[in-house]
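The values are calculated or read from the model by the stated rules, or taken from the named source; none is laboratory data. What you see is a predicted model, and the numbers here were worked out from it, not measured in a lab. Reconstructed Cβ throughout: ideal geometry from the backbone, glycine too, with neighbour counts over all protein chains shown. What goes into the accessible areas is simple: the full protein's heavy atoms, side chains included, and nothing from ligands, DNA or RNA. Shrake-Rupley method; radii C 1.70, N 1.55, O 1.52, S 1.80 Å.
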Amino acid sequence: MPQAFHNYFRRKETQLHELNYLFWECTQRCNLNCRHCGSDCTVSSALKDMPFDDFLKAISPLEKRYSRNSVFIVITGGEPLVRSDLADCGRELRRHGFPWSIVTNGYAYDSAMHRKLMSAGMCSITVSLDGLRETHDAFRKRVGSFDHAMNAIDLIANEKHLPTYDIVTCVSPMNLGQLDEMKQMLVEHKVKAWRFFTIAPIGRAATDDGLRLDGTQLKQLMDFIVATRKEGKIDAKFSCEAYLGNYDRKVRDWHYFCRAGINIGSVLADGSISACPNIDRRFAQGNIYTDDFLDVWDNKFEVFRNRDWMKCGICANCREFRNCLGGAMHLHTADCGEIMECHWGKLKG
Amino acid sequence: MYKWVRGILTASAFTSVMFIMQACYGTPEGRMNEVTMSGTIIDKATSQPLSGISVTCGSSYSGDYSFSDENGQFTLTFLISREYYERGYFDLEFADTLDRYQTLDTVVESSSKLEISLVAK
């Protein structure tokens, strides 16, 4: 599809802004302490887990507005598996017509947990894998993390009743050279879908410069994805985190489109209403404990739906702005319009 | 107007990639269809309604199940792939939790009101 048509389609989607994808940050606790975590979560968060009833009450108006199964709930954290009531929450979401999924590091995902979540109607799952054994464990700062993640991946890849899933890898200079070997391993483990991120300078990774790819390394990653897609053994793609110019349609199924606040919303651990959980929390548009979720979704989110404010700094005179609209929302902070990192600029050199 | 077009395109397998969300931070979105089946379960020999029979769908993604009530009636709602949904028939399993009747694994059509007969062991 030509870029011009895509830009028209994106404009229409923005005007309509139907909610299709809703994050629930069910906890800020995590059983790992990863070097590159974008959320800054902790093993024992001072913030208590949100009671499920509070979340359900906040989203119950969605049942009247949208048809069953049209709003997809993504349960995230922290690490969602640290919540002992996770399967009960999922089962109740299904009963109310919300398909649901989790994003997990896989550490606590064993066969008992797999059966429990599948029988509660889990519809999708994403597991993180950040390298071969030593590299992954170093990233995750816990020996054994790799083996736990691979065990989770085996359970998922062999589950015929799971509609979809993927494995995500945060690519850094530490694991870039391992991608070929990782690919071979994942194919051997029957994995069908593999998605790549780069590490954004946010959360714990904000002060760790050694995690970010330079232009040459980013191009190396793009070329690896292009070659893997051509090979066809595994569905490899780059995440929707950035506009990539000529690489855009070669490393994804679709043009770049940051849908944060357009089709994607979130309820964060403290009740804040926002979009993707890795977005600067100062962009929150309301709170479920003081505001009506649908009222906020319908009438606020202007900063997400009109991104002209991003046309500053390096974007001010950039000819690609009409295509990227300032890039992904999580690469901006509330006190500065300028993007933290431009992938297209890096690739261009 | 655009909303209608969007609805039609979303329902079309060919173009649904346009609308399948995958936030950079989230999971792939599992597209699926919801199916509700209902009917009555009876004893084949006596035609008496059977309660406490579990009903599950083998093609379903999720582990949904239901039990027949005292009138032998059941309603089962489950999620299923587009491929199975469009085919229009599903495999259901009827199992007696008290082990008095033989388990029945059968293929049924989506539009039919079911009357299931179980044979005693």
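A few points about this structure:
- All of A:VAL191, A:VAL251 fail the test of being farther than 28 Å from A:GLU13 by Cβ, within 14 Å of chain B (Cβ to nearest Cβ) and surrounded by 20 or more Cβ atoms within 10 Å (Cβ to Cβ), apart from A:VAL191.
- When residues in segment A:111-129 are screened for being open to solvent by less than 10 Å² (accessible area, probe 1.4 Å) and more than 8 Å from chain B (Cβ to nearest Cβ), 3 of them pass.
- Conditions (1) in a helix (DSSP H, G or I); (2) surrounded by fewer than 18 Cβ atoms within 10 Å (Cβ to Cβ): number failed by A:VAL143: (1)
- Pairs where the first residue, in segment A:328-349, is in contact (Cβ under 8 Å) with a residue 60 or more places away in the chain and the second is part of a loop (DSSP other than H, G, I, E, B) and open to solvent by 40 Å² or more (accessible area, probe 1.4 Å), C-beta under 6 Å, 6+ apart: A:LEU331/A:MET340
- When residues in segment A:146-165 are screened for being outside any helix (DSSP H, G or I), among the acidic types (Asp, Glu) and more than 14 Å from every other protein chain (Cβ to nearest Cβ), 0 of them pass.
- Residue within segment A:46-66 that is open to solvent by less than 40 Å² (accessible area, probe 1.4 Å) and within 14 Å of chain B (Cβ to nearest Cβ) present: yes
- Pairing each residue of segment A:203-232 that is over 25 Å from A:CYS276 (Cα atoms) with any residue that is outside any loop (DSSP other than H, G, I, E, B) and modelled with pLDDT under 95, provided the two are 6+ apart or on different chains, yields C-beta distances under 6 Å for A:GLY215/A:LYS346; A:LYS219/A:LEU347.
- Residue within segment B:77-98 that is of a type in the set (Asp, Glu), open to solvent by 50 Å² or more (accessible area, probe 1.4 Å) and under 16 Å from B:GLU34 (Cα atoms) present: yes
- Positions within segment A:167-186 being closer than 15 Å to A:ILE225 by Cβ, aliphatic (A, V, I, L, M) and outside any strand (DSSP E or B), in sequence order: A:LEU176, A:LEU179, A:MET182, A:LEU186
- You will find that of A:THR164, A:THR104, the residue that is open to solvent by less than 50 Å² (accessible area, probe 1.4 Å) and more than 19 Å from A:LEU32 (Cβ to Cβ) is A:THR164 and no other.
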